[in-house]
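Notes follow the structure.
Please treat every number below as a calculation from the coordinates, not as lab data. Quick caveat: nothing in here was measured; it's all calculated off a predicted structure. For neighbour counting, all protein chains shown are included, and Cβ atoms are generated from backbone atoms with ideal geometry for every residue, glycine included.
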């Protein structure tokens, strides 16, 4: 009888431990608040969600490498007439908001709409719609969304139903990947949970976007690398290589996470393990180079030309690189001008949703910042000789990632007469936060497990409610404006 009772108590303890695990808590909160945000966020209200929807839908139709173009050589997809009618309705509703957002930065008075609603006597069965910038993203970013779009097409769902199915599928898939990263990362599980539940990160998973995939891949690379660095031998480096490749294909700046690869080995091992290090780094670099070659590095420069009135060459990376060689101080100067708005970028990183028009309640920003800092204060019970190289590589990679974000937007979105780098938003820097949390281990001071658990969970719950409240207040005019 006693053994039976002990067995029952043991199973009950295991269940409580599982429920209290950061990964379990994350899945519950991410799906709960994510589904709520999906339900209350209007179609195409997410940042560039129209472009991401079209790219995912195109992939579902087999357009893996963008190949369909209109007479102006703009890449895009053919939408069924019924789907196009509903898509164009919501797209037109948000087109003015997008132009207003860019006009504040580019001083563009107006820009032509990319949806041709042409009134013909006989409506064609399919209508062409340009991707408008999303053609540069690889299919990896949209796999769950494309799968949902394929099923929705086969089921003959309308646009709104298709979009919501795509959102839910993306939320579930990305939640699973991030939960896996939280489960395998040593020491920083509560920090990872807190970062992944920030309002901007949660919103990025709930709408159709490339942000969720970029964060998920970056967290998996970071977790797999740290896991390998704190274990004996080279076990699991293949997993790191896989996620490094996926990360490189998610968003261009994430490719700098390749700098984490040597973290798995000590300095004495680097000379002997160079083949394994190359095995981690090279596949991602080759994959990204191959994709760039297949797409000819198309970044839809025509879109920036229409929005800003500048010449297309101003937004062509090759031309801009040549310009940088002639004017080497121009990029550092515009970068310094942008860094003057660091406070605004931090607010956006925490959560300024929609088209930077959905702001949380003012008091939530310092509250979430303080809870995030507490959740990241994680001491490591390893020696300083092992801890310092880990922190150094994490800090170096974080700095390189931030620089890469600014450089890419400088090359693709910033004219030569600009005083700041255009197009940069705080949400792009969320993948660097896990690296900064690890960099903090250099001091090796922190809070206990229970305190970090409370801080991370409180931050996650506050983030979910704050994001939902902001959307209801701004978009649905609940509780006033």
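Worth a mention:
- Each of the peptides 343-356, 445-458 was scored by the mean count of other Cβ atoms within 10 Å over its residues; in descending order, highest first, they stand as 343-356, 445-458.
- Region 420-481 and region 166-244 have Cα centres spaced 15 Å apart.
- Gyration tensor verdict on region 127-172 (Cα atoms; rounded if a/c is under 1.5, prolate if a/b is larger than b/c, oblate otherwise): oblate
- Inter-site label distance for residue 81 and residue 294 at 7 Å from Cα along Cβ, in nm: 3.4 nm
- The relative contact order of region 20-475 comes to 21 percent, based on Cα pairs under 8 Å that sit 6 or more residues apart.
- Antiparallel content of DSSP bridges confined to region 20-475, in %, to 5: 100 percent
- Between residue 68 and residue 126, the contour length at 0.36 nm per residue exceeds the Cα-Cα span by 19.6 nm.
- Label-to-label distance for residue 330 and residue 461 is 5.3 nm, based on points extended 7 Å past Cα in the beta-carbon direction.
- With coordinates expressed along the principal axes, the C-alpha atoms belonging to region 20-475 extend over 75, 50, 42 Å, beginning with the largest.
- Pairwise label distance in nanometres, residue 242 with residue 160, each label 7 Å out on the Cα-Cβ vector: 4.0 nm
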